[in-house]
Amino acid sequence: MGLFSSLSLSAADFAMKVTDTGYLDTQGFSVILYHSVYDRTFVDQKNTAMEMILHGRRIATNGDVRLMPTPEQWDLVAQLKERQPDQEHNRLTANLSFPSFEMDYTLEVAAEPGGVRVSVNLARPLPEKLAGRAGFNLEFLPSIYMGKTYSVDGGAFGVFPRSPQDSMVQVLPHPDEPKKLPYQEEWDQAKGYTQPLPLAEGKSITLAVDDPLARVKIASETGPIALYDGRNRAQNGWFVLRTLIPSGKTAGAVVWHIRPDVIPNWTRPPVIAHSQVGYAPNFSKVAIIELDPHFNAPKAARLLRLADDGSYKQVFEAPVSQPAPWLRYTYAKFDFSSVKDPGLYAIEYAGQRTEPFPIARDVYSRSWQSTLSGFLAVEMDHVSVREGYRLWHGVSHLDDARQAPPNTRHFDGYASGPNMDSPYQPGEHIPGLNVGGWFDAGDYDNIANSQYTVIQNLALAYSAFGLKWDSLAVDENARTVEMHRPDGIPDAVQQVKHGILQTLAQIKAVGHPFMGIIEPNLREYTHLGDAASQTDGRIYSPKLGPLQVEGNFSGVPDDRWAFTAKSGMLNYGAAASLAAAARVLKGWDDALAKEALDAAVKLYQEERANPAANTRPGGGPAAPGAPGAQPAPGGPGGRFGGGAPDWAASLELMIATNGAEPYKARVQELFPSMLPNVGQRGWTVVRALPYLDASYKAQAAEAVKMYMGQVDKQMAATPFGVPPSMGGWGGSGGVVDFGIRMYFLHKAFPDLVSPEYTLRAANYILGTHPVSSTSYISSVGTVSKLKAYGNNRADGAFIPGGMIPGYILIQPDFPECIDDFGMLWFEDEYVVSEAASWVLAASAADAIVR
């Protein structure tokens, strides 16, 4: 009894209640149970099961029964059958199962004075094969706890390590354990079935003894609690607390008492969300202040001007708007649009002062260059990329690629059916694919839809805004890229060229474009570091032994797979991209421009005459918005696609041929079907207007009027006036799409569409968003995201110019984007298609204010 009576820490006891939205809550502390589930494709995303939010930060996740001390992303998880919030008894219950082991149980989280009681209750005694393996795990965020102290049983102490340093042991699978998928089994074998030994073990553990904002005590009524460091197995691992389930026990097989040190009457400090690059003098300037509902919010905010001597002088003060609720917080607006004098400023509210930002006419003029010539350069495949003394990566994937096998479902969502639409045999080398293209995201695959979006975005940015920026020296023959070395060719032109080299190579190799090229196994897929070392760069030869090398051949089957299924959507996506590229390349590389346009015409004609049997790509990640997930070819959100699958190709070919037939006729035929969808895909009709008669502009104007009647109502649903992020992947891409769409609608119909929509979207990306005021473009703005999910994430680093997805909603109401942690792909992963979108959107914002 003494152990549990002494659980309360320095704070007063408190009572938690189940909210109307189904989680346990008190001021400063929340517990969520299975408001979301594990992802079907990527499994463990660190955002489900039992989760705890303490003092405004999600400190813990994945609280449930697991079969390993530190499970990895693809390891087995329980299946949720149902969840039950019980407001009468202030209790949350989830019914779960491991069907392959015939293990059913309930996980219960119940309020008790000063915290919660967590219990695991089995329907039947633990199966013998799970003895010593099944236990209740709860994972804690490393960026909060590393460097902090912990205590065990009130006597032993330690410090959470900055990097993992524990002994490892081999834990072999049970002989009659259900078989895993082949790629999972291969991965386990490659890693040696290892697990770390615990850092500490005891009946009670207090985390962050030295930090009242993160301090929490966990005591076990049953077996001991072990503390593990999940980063021993993978860099994205968390700290894990775990108690094994004993044999022979059912009710209360595991019982924990969790006591967070909740600061009485704690309120979250206000967040002053504003553009980190500043504002243009003659346009709207509105900061949005995110407030804890319990916070006694001041009625006014001040704008200060920074003088040369470092002093701040108030130049403006005004009331903030009445705070309005949205999700967990309330939001007030501070409008300082009347301030127009150029200079450096800061906003002060409730004792907090922002970092300085400018008011100037050119605030957006340097907001996209690091994306075009930094991030997108780093992502260039099949070349080396150097920046001064630094080699970002060597020449990568010279051994591309082997024919992927038929009837295969890849772990990243790629798939092949019985027909590979290729003259090559499974496993055979496909020559000529080791050119051009970009790494898709935080991984290294080369996915067609993403490539098409980059090509078309950059082509449109170049033609619409005359992007002559030149800071890269690109030599495709030598396979070298040097940053900060202008070579007389605009970087946008060189990037477009790099993209179509891969597209053309696919067509030459197998006769048509295909879904993409990706790693064949999890060991390569999880590779972090120099892309050149992901494979040995030598073409695999089955005639050689595993350690043999002969010239450019080796006996190591590490070459990436090419998924070559033919698709009408991909044919049209490639045709649109090649046609767009031809316009850009003209005058810089006329021979390649002609080749691109000829290839586009041929693809288009063949697909129109003989549509491919499969009208959707035969691959690509299955989870919407997951890593590398891409929409239909032609741009995210249908930016360049839409309606009929050949709209984008018809449009780009019409523009590339200056209104030639048959493309113009097809555009005219499809035009009416695009108009109802102006708010998504249909806006691209405005690009066709210069080639059509006035009646088409009149039709488009009516469609835009109808859309604008809806858009303000839709955007008013959030305090930020842009599309909200309510799914499992951050919504910055949707906001950028919105900014692009509204720019081109404004250019076509300035009397119907204000330029402010595009600026609002740009300002959102640059800091005017929920949770923090951190710019989502790494290294752009005074404060930006400096830990992100790029392919250098193992270093806790960033790639300049990369754009992160941004906040997501931890269901049901907690917006999250963690500044000091970069291992959550749904918040942090760079994607090349979104980066190219930013180049286009930021260029549009710059054009407006200039």
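Its relative contact order, with pairs defined as Cα atoms under 8 Å and 6+ residues apart, puts the chain at 11 percent.
A cut-off under 11 angstrom between Cβ atoms defines the neighbours of ASP559, and their net charge, with Lys, Arg +1 and Asp, Glu -1, is -4. Take 323-332, 298-307 and order them by the average number of nearby Cβ atoms within 10 Å per residue, most first; the result is 323-332, 298-307. Packing-based ranking of 764-777, 334-347 yields 764-777, 334-347, ordered from highest to lowest mean Cβ neighbour count within 10 Å. Give the distance, in whole Å, between the Cα centre of the stretch 192-213 and the Cα centre of the stretch 657-703. If we compute the Cα centre of each part, the gap is 62 Å. Annotation: amide H of SER554 within the under-5 Å range of ILE539, TYR540, SER541, sequence separation 5 or more or interchain, hydrogens built in the peptide plane. Of the solvent-accessible surface of the chain, computed with a 1.4 Å probe and all protein chains present, 52% belongs to carbon and sulfur. Evaluating 6.51 cos²θ - 1.76 cosθ + 1.60 at θ = phi - 60° for every residue in the stretch 49-64, the Karplus couplings come out as 6, 7, 10, 10, 10, 10, 6, x, 10, 7, 8, 8, 8, 6, x, 5 Hz, glycine and proline recorded as x. Which pairs, out of LYS148/LYS217; LYS586/LYS747; LYS313/LYS785; LYS313/LYS340; LYS697/LYS747; LYS705/LYS747, put more than 22 Å between their alpha-carbon atoms? From LYS148/LYS217; LYS586/LYS747; LYS313/LYS785; LYS313/LYS340; LYS697/LYS747; LYS705/LYS747, over 22 Å: LYS586/LYS747; LYS313/LYS785. Can you find, among TYR452, GLY545, ALA478, the residue sitting farthest towards the positive end of the charge dipole of the stretch 437-579, where Lys and Arg contribute +1 and Asp and Glu -1 at Cβ? Working it through, the farthest residue towards the positive pole turns out to be TYR452. Rolling a 1.4 Å probe across the protein heavy atoms gives the chain an accessible surface of 36 Å² per residue. Membrane-span-like helices in the chain (whole DSSP H runs, Cα extent of at least 18 Å along the helix axis, mean Kyte-Doolittle hydropathy of at least -0.5): 448-465, 491-510, 568-585, 590-609, 694-715, 732-748, 832-849. In straight-distance terms, cross-link reach from LYS191 covers every one of the lysines whose alpha-carbon lies under 25 Å from its own, apart from those fewer than eight places away in the same chain; here that gives LYS46, LYS129, LYS179, LYS180.
Shown in residue order for the stretch 511-526 are the 3J(HN,Hα) couplings computed by the Karplus curve 6.51 cos²θ - 1.76 cosθ + 1.60 at θ = phi - 60°: x, 6, x, 9, 4, x, 10, 8, 5, x, 9, 5, 5, 6, 4, 8 Hz (x for Gly and Pro). When you count the other C-beta atoms within 10 angstrom of each residue and take the mean per peptide, 113-125, 780-792, 221-233 line up highest first as 780-792, 221-233, 113-125.
Go through the stretch 377-438 and name the chymotrypsin sites (Phe, Trp or Tyr not before Pro) that are in a DSSP coil and have 11 or fewer other Cβ atoms within 10 Å of their Cβ. Taking the stretch 377-438 and a limit of 11 other Cβ atoms within 10 Å, the loop chymotrypsin sites (Phe, Trp or Tyr not before Pro) found are TYR389. Normalised by the number of residues in the stretch 138-291, the average gap of Cα pairs under 8 Å and 6 or more apart makes the relative contact order 21 percent. Taking each DSSP H run with n ≥ 4 as -39500 (n - 2.57) and averaging over every residue of the chain yields -7000 deg cm²/dmol at 222 nm. Applied to the stretch 91-105, the Karplus parametrisation 6.51 cos²θ - 1.76 cosθ + 1.60 on θ = phi - 60° returns per-residue 3J(HN,Hα) values of 9, 10, 9, 10, 9, 9, 7, 10, x, 5, 10, 6, 10, 10, 7 Hz, with x for Gly and Pro.
Charge dipole (Cα centre; +1 on Lys/Arg Cβ, -1 on Asp/Glu Cβ; no other charges) of the chain amounts to roughly 1220 debye.
The values are calculated or read from the model by the stated rules, or taken from the named source; none is laboratory data. The shown structure was predicted, so the numbers you read here are calculated from the model rather than taken from an experiment. Note that we place each Cβ from the backbone using ideal geometry, even for glycine, and neighbour counts take in every protein chain shown. Accessible surface is based on the protein model in full, side chains and every heavy atom, while ligands, DNA and RNA are left aside. Shrake-Rupley method; radii C 1.70, N 1.55, O 1.52, S 1.80 Å.
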